[in-house]
Amino acid sequence: MSEKEVEVGRGITLAYDELGDAGGEPLLLVAGLGQQLYSWPEPFCVSLADRGYRVIRFDNRDAGRSTHLRFRPPSFGAMMMRRWPNGQYDLSDMAADTVGLLDQLGVADAHLTGISMGGMIAQTVAARYPRRVRTLTSIMSTTGARRIGRPALSTWRLMRGRARSREEAEARAVRLFRHIGSHGFPFNEAYVREATGRAWDRDPSSAGVGRQLGAIFRSGDRTAMLGEVTAPTLVIHGDRDRMVNPTGGAATARAIAGARLETIRGMGHDLPQAAWPKLLELIDDHARRKSDATT
């Protein structure tokens, strides 16, 4: 497994890696806000590969080693007033990046699994490019509807500011994930520090998070668009999520015809190792239902 970079169109280059059998069913993992491909833990991905999938994970634009745009990110006030800087993209642009990656990898269609903002991107791909999606799994995500799936006020406060060093980034991440993480499962501080440090070493910038957040706000309420999704859809949400309120998962499942909602008790806005067996079972079972139906 080694990182590569590929141009996906419109001046965007994405960094990605793969593991598993190249002939296996493609399973594309889409990362969340400000997160990099390594936010999908390697052992978690190995477990998926061991189940026969060609696992692909990547850095979205403005994260990791993918293309970073250069415009100043919108302020929170500007987003509320819907005043966008020149160059501000939306989730449809990030969905086009994702499809461009599939094109460059020669993948006609794939199982898409997205977490948080990655779930929003995966939802958008499924709505706008239905033939490219075998199944959709949306984890701890939402529809963009107002007053649905919103972070707790205490979460907004912890997200303010930015780290100026690796050590500060690790400390901030520990505080944040102690708050938004899975209070029903053990907290692994060592893992949070290691993952945050690795992310800092690959990309210490922070402006990309603001631009990605602008993409979410600019996309607005996507409920009507989700009615266009035809791929078999699984929605997974924890009942302890302080970043994307569980109402977001429920609304997503309601918006997509035939979608199934699975609630994991004790899970917050992270992927606690103790929940991996259940998550892996759900993702794999959902994909296999589609595969069995087409054979």
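Quick rundown of the values:
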quantity: Looking only at segment 43-56, and only at residues there that are buried (at least 21 other Cβ atoms within 10 Å of the Cβ), closer than 17 Å to ASP109 by Cβ and without any contact (Cβ under 8 Å) to a residue 60 or more places away in the chain, the one that is nearest to the chain's Cα centre (by Cα); calculated: ILE56
quantity: Top-ranked residue of segment 148-171 - restricted to ones that are charged (D, E, K, R) and in contact (Cβ under 8 Å) with a residue 24 or more places away in the chain, ranked as surrounded by the most Cβ atoms within 10 Å (Cβ to Cβ); calculated: GLU170
quantity: Contacts under 9 angstrom Cβ, first residue in segment 112-140 being assigned to a strand (DSSP E or B), partner among the charged types (D, E, K, R), 6 or more apart; calculated: LEU112/ARG132; LEU112/ARG134; VAL133/ASP109; ARG134/GLU25; ARG134/ASP109; ARG134/LYS290; THR135/ARG289; THR135/LYS290
quantity: Among residues of segment 73-92, those that are within 27 Å of ARG198 (Cβ to Cβ) and either among the acidic types (Asp, Glu) or more than 15 Å from the chain's Cα centre (by Cα) (or both), counted; calculated: 2
quantity: Selected residue [of a type outside the set (Ser, Thr, Tyr) and farther than 28 Å from ILE264 by Cα] from ARG128, ARG193, ARG157, ARG146; calculated: ARG128
quantity: Pair list, Cβ < 6 Å and 6+ apart or interchain, from segment 20-42 residues that are of a type in the set (Val, Ile, Thr) to residues that are surrounded by 19 or more Cβ atoms within 10 Å (Cβ to Cβ); calculated: VAL30/GLY114; VAL30/GLY118; VAL30/ILE121; VAL30/ALA122
quantity: From the options PHE177, PHE187, residue that is farther than 30 Å from MET225 by Cα and part of a loop (DSSP other than H, G, I, E, B); calculated: PHE187
quantity: Output for segment 274-289, where each listed residue is surrounded by 15 or more Cβ atoms within 10 Å (Cβ to Cβ), in contact (Cβ under 8 Å) with a residue 40 or more places away in the chain and not hydrophobic (A, V, I, L, M, F, W, C); calculated: ASP284, HIS286
quantity: The lone exception for MET243 - which of (1) outside any loop (DSSP other than H, G, I, E, B); (2) under 27 Å from ARG128 (Cβ atoms); (3) touching a residue at least 12 places away in the same chain (Cβ under 8 Å) it fails; calculated: (1)
quantity: Filtered residue count, segment 218-240, keeping only those that are surrounded by 18 or more Cβ atoms within 10 Å (Cβ to Cβ), touching a strand residue (DSSP E or B) at 6+ places or on another chain (Cβ under 6 Å) and part of a loop (DSSP other than H, G, I, E, B); calculated: 2
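Every read-out reported here was derived from the displayed coordinates using simple, explicitly stated rules and does not represent laboratory data. Predicted model only: the values in this text are computed from it and were never measured. Cβ sites come from the backbone with ideal geometry, for glycine too, and all protein chains shown count toward neighbours.
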